[in-house]
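A.B. asks: Below are the structure tokens for one structure; questions will follow.
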Amino acid sequence: MNNPVSRRSILGKVSVAVVGLLVAPAAKVAKAAVQQVFVSPGAPKSYDPTKHKWRMAIDANRCIGCGLCAEACKKENHVPEGPYFRTWIERYIITKPKPGSAEARGEVLVDCRDGGMHGPPESPVPKEEVQHSFFVPKLCNLCEHSPCVQVCPVGATFDAPDGAVLIDPKYCIGCGFCIQACPYGCRFLNPLTKTAEKCTLCYHRITIGLKPACVEVCPTQARIFGDLKNPVTDDPLQQFYQNNRVQSLKPHLGTEPRVFYAGIDKEVR
Amino acid sequence: MTNEMTNIVVEVMPHFEGYVYPNEATQQPLWSILIVLYPYITGLVAGAFIMASLVRVFNVRALEPVYRLSLLTAFAFLLCAPLPLLFHLGHPERCFEVMMTPHLTSPMAIFGFVYAWYLMAVLLLELWFDYRHDFVTWSNITPGFQGMLYRLFTVGVTDITEPAVKLDHKIGHILSIVGIPSAFLLHGYVGFIFGSVKANPWWGNVLMPIIFIMSAMVSGIALCVFNYLVLSWIRRKTVDMNCIDVMGKFLFYALVLDAAIEALDWIHRLYSAEEGFRIMQYMAREKLFYTLSLGQVAFGTLVPLLLLGSLQLFRKRIPDLLRRRMYFTSGLLVLIGVLAMRWNVVIGGQLFSKSLRGLMGYKMEFAGLEGWLMGAVLLALPFVTLTIMIRLFLSEKLPSSGVPDPDAGQAI
């Protein structure tokens, strides 16, 4: 009778395991159903966020800085005029070191006039003094551990199961904490709606099978978009991952951005 | 005409140096004067409460003359503390969502609860148990509306027999003990709101909650010194020199601790010189000279340290009037210094780009929600509230049962 492994204890453990196994899928379904109810900004009712995993990647080698993406984004998402951008293009100019300075590099100049919407301005340094010059499109980094989601006091911003980080504008109280918490400057307070805003990967488009506006207009395929759960033949995203060694922005902060970059420099932050 | 207007707007636009992210190039920082005032006022609450607890819990009898004044100060400031936060919200009408559907990983979500706890469970109850005896007495001797108010405040509990009053004191004592960690929680949490932002190297700092708690205690004690001296002057009453000396002593020690911890923070930043240090150093030198070097360090810390330090050493040789003036000056300077410190934290953290490549400018407007005027009104509001409370609860015309005997609590 004193045997610790009694029939009753084994039966108890087995039944707990069985119940657990039965409940787990049910809980998963329930969670997905709840998420589907909540994940609704612009998505059609039939859209199931658990069946997708959206990703964007940037091949900076291909970017020509034309600014069509930033312009398309402003139009598509009705982003207000002024210093409000869901995506923008930075221009980096790294000059040659001064002769005899024994430095590897010269100055690093970064600019982004009008979010890069109308192309870059005239270069501030003559061509022959430039060591490197390149463009870096920026957007929400869709972090795995998003500080913006962590700090939202009401849970208005959330991780959708399909990889998008979204904001419910009807719920946001406009405190601005998420904007302070984003290390990449990707968020802004919309002066008209007084709520936080950022790139949603054009959620209203991707949920009906379209590409985000910026990807659609990019003439050089510098922006690569795809669904990790439903790869197509010759999937550009898979090819990007296969063909490039990638970097993410500010990795030391532990946010684990899901937007990967190829062809950027250590100066890019 | 339109072109002329546009040109003017361009000229008025703030100046940016280097590269800032396009979303950071706004005219005003996202968090401005209202968010400067919010931790300032909250800190004053916590500090004033600690001051009152010195009498109640730590049995510092010399501070009895300022016991009730400190409690009322804490209460008046606490009532006004959430206003700047509320006004700053894009959607103030949704503020209750913070309490109805809080997101528990957010440091800001807990504010509603900490605030409610502190207001309802600590301060309001402590004041009520403290004043209940007086309310009963006053309601019997005061005619008219004021008498009715006192009767209302008794909430029908009019038993002033000795066991009942003793019970009041016991509960008051317990609430005071609970209040000390609550005050630390209230303000430490405010520090955590900033300290938890790892995206911003000026804020994301493990010492931030401790710095906030220490500066809160300093500012709260300074406020009590200021209020006591001003109230005595208005009422033409003699200042209890023993009381003000003891307050000065506590202010001095708290200031030494506060200055030491803030200095430690700077030494650590200087020595580790992590990413972003250079831009922060440049920002502090160029943009925060008046508020940091002069306001916070020189006039807000060093001068009061010298004044209060010399008072500790030569107290007996300095005449009363000069001592009072030195305490008053130190108190006022500390109050301004801590306000400057809040400014440096909140505004300073938004004067450099998170790209660590540029600086933003900030010119505060006069009118408008985030202007000087609004700031002054919100800062004056707790003082107005306190004046009303002093009229009602610290009236010279009414007999006061005074400070509850701290020994009553020790019987527990």
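A.B. asks: Cα to Cα, under 30 Å, and not fewer than 8 places away if on the same chain: which lysines meet these conditions relative to B:Lys166?
C.D. replies: Of all the lysines, those that pass the test against B:Lys166 - Cα under 30 Å, at least 8 places apart if same chain - are B:Lys397.
A.B. asks: Over the Cα atoms of the stretch B:33-145, Rg to Rh with Kirkwood Rh, two decimal places?
C.D. replies: A ratio of 1.06.
A.B. asks: Whole-Hz ³J(HN,Hα) for each residue in the stretch B:256-272, computed from phi via Karplus 6.51 cos²θ - 1.76 cosθ + 1.60 with θ = phi - 60°, x for glycine and proline: what do you get?
C.D. replies: Karplus values, whole Hz, x for Gly and Pro: 4, 4, 4, 4, 5, 5, 5, 5, 4, 4, 5, 4, 4, 4, 5, 6, 6.
A.B. asks: Helix B:372-393 versus the longest principal axis of chain B: what angle, 0 to 90°, nearest 10, using Cα atoms?
C.D. replies: 10 degrees
A.B. asks: Under a straight-distance cross-link criterion of Cα-Cα below 18 Å, which aspartates and glutamates are reachable from A:Lys45, leaving out those fewer than 8 residues away in the same chain?
C.D. replies: Here the aspartates and glutamates satisfying the reach criterion relative to A:Lys45 are A:Asp162, A:Asp168.
A.B. asks: Which ³J(HN,Hα) values in Hz, rounded to whole numbers, follow from the phi angles of the stretch B:283-295 under the Karplus curve 6.51 cos²θ - 1.76 cosθ + 1.60, where θ = phi - 60° and Gly and Pro get x?
C.D. replies: 4, 4, 6, 8, 9, 10, 4, 5, 7, 8, 5, 7, x
A.B. asks: Tell me what chain B gives for mean residue ellipticity at 222 nm when only DSSP H runs of n ≥ 4 count, each as -39,500 (n - 2.57), the sum divided by the residue total, rounded to 500 deg cm²/dmol.
C.D. replies: Taking each H run of at least 4 residues, the total per residue is -21000 deg cm²/dmol.
A.B. asks: When ranked by the protection proxy of mean other Cβ atoms within 10 Å per residue, highest first, what sequence do the peptides B:163-169, B:71-77, A:194-200, B:218-224 form?
C.D. replies: In descending order of packing, they fall as B:218-224, B:71-77, A:194-200, B:163-169.
A.B. asks: Shielding of B:348-355 by partners, i.e. mean partner chain Cβ atoms within 10 Å per residue?
C.D. replies: Mean partner shielding for this stretch: 3.
A.B. asks: Let me ask something additional. For chain B, what is the relative contact order in percent, using Cα pairs closer than 8 Å and at least 6 residues apart in sequence?
C.D. replies: It rounds to 30 percent for chain B.
A.B. asks: Considering only DSSP beta bridges with both partners in the protein assembly as shown, what is the antiparallel share in %, to the nearest 5?
C.D. replies: The antiparallel fraction comes to roughly 90 percent.
A.B. asks: Once phi is turned into ³J(HN,Hα) by the Karplus curve 6.51 cos²θ - 1.76 cosθ + 1.60 with θ = phi - 60°, what whole-Hz value does each residue of the stretch A:203-212 show in order, with x for glycine and proline?
C.D. replies: Couplings: 4, 5, 8, 5, 7, 10, x, 8, 8, x Hz.
A.B. asks: Now a separate question. Between B:Val206 and B:Leu152, what is the label-to-label distance in nm when each label sits 7 Å out along the Cα-to-Cβ direction?
C.D. replies: 5.1 nm
A.B. asks: Another question, if that's okay. For A:Lys75, list the aspartates and glutamates whose Cα falls under 16 Å from its own Cα; do not include residues on the same chain fewer than 8 positions away.
C.D. replies: A:Asp114, A:Glu197, A:Glu216
A.B. asks: Work out the P(r) tail for the stretch B:16-405: percent of alpha carbon pairs separated by more than 33 Å, whole number.
C.D. replies: The calculated P(r) of the stretch B:16-405 puts 34 percent of pairs beyond 33 Å.
A.B. asks: Here's something else I'd like to know. Within chain A, which whole H helices from DSSP have a Cα span along their axis of at least 24 Å and a mean Kyte-Doolittle hydropathy of 0.0 or more, if any?
C.D. replies: Both cut-offs are met by A:7-38.
A.B. asks: Just want to confirm a number: the relative contact order over the stretch A:154-225, from Cα pairs under 8 angstrom separated by 6+ residues, in percent.
C.D. replies: Dividing the mean separation by the residue count of the stretch A:154-225 yields 20 percent.
A.B. asks: Using 29 Å as the Cα-Cα cut-off, could you pick out the over-long pairs in A:Lys53/B:Lys198; A:Lys74/A:Lys98; A:Lys229/B:Lys198; A:Lys198/A:Lys250?
C.D. replies: A:Lys74/A:Lys98; A:Lys229/B:Lys198
A.B. asks: Can you compute the FRET efficiency between B:Ile174 and B:Leu394 using 1/(1 + (r/R0)^6), with r the Cβ-Cβ distance and R0 = 22 Å? Round to the nearest 0.05.
C.D. replies: Efficiency at R0 = 22 Å is approximately 0.35.
A.B. asks: Rounding to the nearest 10 and keeping the result within 0 to 90°, find how far the Cα-based axis of helix B:320-346 lies from the longest principal axis of chain B.
C.D. replies: Helix B:320-346 and the main axis of chain B meet at about 40 degrees.
A.B. asks: Which far-off residues, 5 or more places away or on another chain, put their amide H under 5 Å from the one on A:Gly155, with H placed in the peptide plane?
C.D. replies: B:His103
A.B. asks: If each DSSP helix of 4+ residues adds -39,500 (n - 2.57) and the sum is divided by the residues in chain A, what number results at 222 nm, nearest 500 deg cm²/dmol?
C.D. replies: -7500 deg cm²/dmol
A.B. asks: Additional query: I'd like the antiparallel share, as a percent to the nearest 5, of DSSP beta bridges with both residues in chain A.
C.D. replies: 90 percent
A.B. asks: With no solvent and one point on each alpha carbon, what is the Debye value of log10 I(q)/I(0) for the stretch A:137-264 at q = 0.09, 0.14, 0.18, 0.21 Å⁻¹?
C.D. replies: With one equal scatterer per Cα and no solvent, log10 I(q)/I(0) is -0.27, -0.66, -1.07, -1.36.
A.B. asks: How far apart, in nm, are the 7 Å Cα→Cβ label points at B:Thr238 and A:Lys75?
C.D. replies: 8.4 nm
A.B. asks: Further, regarding this structure: Provide the FRET efficiency to the nearest 0.05 for the B:Phe383-A:Leu253 pair, computing r from the beta carbons and using R0 = 30 Å.
C.D. replies: 0.10
A.B. asks: Against the longest alpha carbon principal axis of chain B, how many degrees, from 0 to 90 and to the nearest 10, is the axis of helix B:2-12 turned?
C.D. replies: 60 degrees
A.B. asks: For an R0 of 22 angstrom, estimate the FRET efficiency from the Cβ-Cβ distance between A:Val232 and A:Ile208 and round to the nearest 0.05.
C.D. replies: With a Förster radius of 22 Å, E is 0.85.
No lab work stands behind these numbers, since they all come straight from the coordinates. The structure displayed is predicted, hence computed values, not measured ones. Reconstructed Cβ throughout: ideal geometry from the backbone, glycine too, with neighbour counts over all protein chains shown.
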